[in-house]
Structure formats: C-alpha cells, structure tokens
C-alpha cells in the first residue's frame, strides 16, 4: 500500500481473523462492495479463495487498486447499478460510537458511494485503529477539485484546520485520487470531543468551496470487526 497508511501498521493476525469472520457474512449470490486498503485486500484475497471453492458472488470495487486485487482473486466485477448486499472495508480511526475516519489510502469518495449503495457497511480493523476521539492521529482527509485548491485551502484554514496537500512519496508530486482530484490531510487543533463536534465539523467542511467529500464517516457502520493479535475478534454493532 502507500505511505499514507498508519505508521508502523501491517497486516497482522488480527486483520486476518477479522477478514475470516467477515467471510461468514457472505452467502451464495451476494453482491459485495469491495473496499480499499490493507484490511480490504486481505478480505478480497480470502473471498477469492471461497469463489474458487464454489461460491458465487459479484463485486463492486471502490478503487483501481481494489479492482486489481479482485481481478487477481478471480472475483467477477460489475458496475454499480443496483443495491449491494454488503460492503466490506477498513478504516483509519474508529471512535467508541463507531464513527470513523477513512481515506488515508485516498479512496474514500468511492468508498462512501459504494457504502451508501449497500444494505450493510462492515468495517475490519485491528485494535490499533480504535481511538478515544476522532482526529487523534492528526489528519482528516478532504478531497478537493484541483481548480479550487487555493480557495479551499483558505476556507479550510479559516475553520481552524491545518490542511496539508497530500503528495506522492516517490516524486513529491500531488497525490491524485481516482476521481482526478487533490487530497488535503486536515489536522484539527485537537481531537474531536464527541460525535456532535464531528458532525458539526463535517457540515462546515462540506460547505467549503470545491470540497467533494471528507473522510469522516459518521453513523454509516453496521458492524465493526476488531481483530486482535491472539486471533479473537470483537464484533461491535452500529445503529443500522
């Protein structure tokens, strides 16, 4: 994956355990949204093994990377033209109320679209992704139309955020999303105290000129499966 992941993060026993448990939710004929990121890639690989053993599903990828992983796993891909049964994805931060920060890999706009088209959004994380308050790791991604770069930077700064243009670690050029847009990693002055504050900030960021979407996923989750190093998985239930 990219350098945008959590420092020191790795695919571990917990992620494999969570992905394995998520597979139990997939029945024959399921229409699956395929998330992006490390946890989702582990799930995609496991799902491919189930298909080779006789399971039949179709998938809708949330990024070029997840589409590539799905093709390698021999998962048939379809366009997003009907309701999906489930989306399985990862997250970068999970608050106690199951609000999320997503998007450190850069695919959060399409991840939101696919999740919104799904009956259930299931999130796979290791215990390291659990936080007391969103923003603890200091960045909330925001996708911005390139033409609006200057004014969006000004307006995001006026909200008290510190926006940093995401760049490619290989050449220092701006990171471009699959939608052709820029991504700003916005540091809040302090972690968000609660869900009310997160929703207020989300409304303000979405009102910024040129902003397409944010990495705040608030109240979207059906299940969060938290995998631990010893292989056990805690299942946390959202409002949906």
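Taken together, the values in this text are just the output of simple stated rules run on the coordinates, not laboratory data. Because the structure is a prediction, the values reported are computed rather than measured. Counting neighbours? That spans all protein chains shown, and the Cβs are built from the backbone with ideal geometry, glycine included.
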Completion exercise
Relative contact order of the range 140-214 (C-alpha contacts under 8 Å, at least 6 apart) in percent is 47
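Return the tail of the calculated pair distribution for the range 180-240, meaning the percent of Cα-Cα pairs more than 15 Å apart. Intermediate results must be reported in sequence, preceding the final value.
Numbers: 1194 of 1830 pairs.
Cα-Cα pairs of the range 180-240 separated by over 15 Å account for 65 percent.
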Handout entry: Overall Cα dimensions of the chain, principal axis frame, Å, largest first
Key = 54, 34, 33
Exercise for the section: Can you tell me the 0 to 90 degree angle between the C-alpha axis of helix 195-206 and the longest principal axis of the chain, rounded to 10? Expected result: 70
Practice task
Can you pull the one-decimal nm distance between simple spin-label points at residue 197 and residue 83, each 7 Å off the Cα toward Cβ?
Solution key: 3.7
Problem - Helix 38-52 axis, angle to the chain major axis (alpha carbon atoms, nearest 10°) - result: 20
Completion exercise
Taking Cα pairs closer than 8 Å and at least 6 residues apart, the relative contact order of the chain in percent is 24
Handout entry: Kirkwood Rh, angstrom, the range 103-240 [1 / mean 1/r, Cα pairs]
Key = 16.0
Practice task
Any chance you could run the full-extension gain for residue 150 through residue 52? It's 0.36 nm times the residue separation minus the Cα-Cα distance, nm to one decimal.
Solution key: 30.3 nm
Problem - Kirkwood-type radius of the range 140-214, with distances r between different C-alpha atoms, in Å - result: 12.6
Fill in the blank from the handout: In whole angstrom, the spacing between the Cα centers of the range 154-229 and the range 100-149 equals 7
Completion exercise
Residues 15, 26 in order from fewest to most other beta-carbon atoms within 10 Å are 26, 15
Practice task
Arrange the following residues from fewest to most other Cβ atoms within 10 Å of their Cβ: 230, 74.
Solution key: 230, 74
Problem - Using alpha-carbon coordinates, inclination of helix 13-23 to the longest axis of the chain, degrees - result: 60
Fill in the blank from the handout: Final fewest-first order of 204, 129 on the 10 Å Cβ neighbour count is 204, 129
